[in-house]
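Heads up, the thing below is written out as structure tokens.
What follows draws every value from the coordinates through simple rules; no lab data is involved. The structure presented is a predicted model; accordingly, all values stated were derived computationally and were not measured. Cβ sites come from the backbone with ideal geometry, for glycine too, and all protein chains shown count toward neighbours.
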Ligand code: 5GP
Ligand code: MN
């Protein structure tokens, strides 16, 4: 039995908001992932089936790995079609904000969203959401925004409109945000939700393979290189650090999304409790962190990298050189583990 977790008065308010409008915009965060795109497409699909003029607007491009999702081509991307993106946001009578907790995360869409006086509804699972929203459905303990969209639709009694397409989108986000149910996956109700979605004939194996287990040869080689040549282990600080600069990325024909998942790999090494991946992008060094247990990488990303995220998965930006970024992490380690002295490079697994 899947218990309702959203307060009834919130659901009733949401019901009234939806009933009272025709055009609805749905937006999600920059560099959208499976959860952001899956939750947005699923909600959009259901709202359309309800007779609404609903559209998804993303701040930037959808990664190649998600292009298999149903109706993905209907998404309006600001960086590709700014006039259309503006029109959708400006004419919306209701805006859903999915899978982010602060308007900074939607980049150039933020002034447009704030410029439209219509009600804004947040559905999200990040900690400490901003107060810019009229209705907040914020559950940091949820596995994914897709789980929350399922719960919202369940409590709105709209599950009858969740068809195979919507179910594929929702299950994809649950799969990608939990590493195929390998973390944030302890709540038994997740499996009841999954079962409900699978009854809609989603093709779970296909969804997993398309969203998490499809790589180009270049991409696999880049991952191999990163782990073999670039992984540095700070044994005493229980930390692993991988860096890839622009030249290295070019060598492997890097395309967006190719480095997804690299940062998780070192957590497999016994003794490694947090892992950092630094990638040199055009404008900044992109910081990506993962951790185990109660080691809060979102605090580090908020404090030092103008970023944020979840307790065990967070990110941010660094403006400076790769060397300076590495130095900053070494200083952070010094703060966390003050008696820092020995560093061990490329330590074999069995010596940790
Ligand atoms: P990833 O390491 O996969 O890029 O990001 C992991 C998580 O960290 C994302 O789901 C998101 O919640 C958060 N995150 C990543 N980059 C940023 C950022 O620049 N700002 C904020 N606020 N959160 C980020
Ligand atoms: Mn998410």
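Odds and ends about this structure:
- For segment 1-74 and segment 258-276, distance of Cα centres in Å: 31 Å
- Each stretch of four or more DSSP H residues adds -39500 (n - 2.57); spread over every residue of the chain, this sum gives -11500 deg cm²/dmol at 222 nm.
- Anisotropy class assigned to segment 78-157 is prolate, per the alpha carbon gyration tensor with a/c at or over the 1.5 cut-off and a/b larger than b/c.
- Candidates 60, 128, 35: whichever shows maximal mean-square fluctuation once the chain is modelled as a Gaussian network with Cα springs under 10 Å: 128
- Look at 113, 88 and count the other Cβ atoms within 10 Å of each Cβ; fewest to most, that gives 113, 88.
- Rounded if a/c under 1.5, otherwise prolate or oblate - segment 140-190, Cα gyration tensor axes: oblate
- Neighbour counts of other Cβ atoms within 10 Å put 220, 112 in the fewest-to-most order 220, 112.
- Computed over segment 217-336, the quotient of the alpha carbon radius of gyration and 2.2 N^0.38 Å is 0.98.
- Likely footprinting exposure, 285, 269, 37, 26, fewest C-beta neighbours within 10 Å first: 269, 285, 26, 37
- The GNM of the chain, with springs linking C-alpha atoms under 10 angstrom apart, assigns the highest mean-square fluctuation among 178, 321, 102 to 321.
- Rounded to the nearest 5, the antiparallel percentage of DSSP beta bridges internal to the chain is 40%.
- Cα gyration tensor shape for the chain, rounded if a/c is under 1.5, else prolate or oblate: prolate
- Antiparallel DSSP beta bridges within segment 217-336, as percent of all bridges there, nearest 5: 75 percent
- Ellipsoid semi-axes in whole angstrom, largest first, where each is sqrt(5λ) of the Cα gyration tensor of segment 8-212: 24, 19, 16
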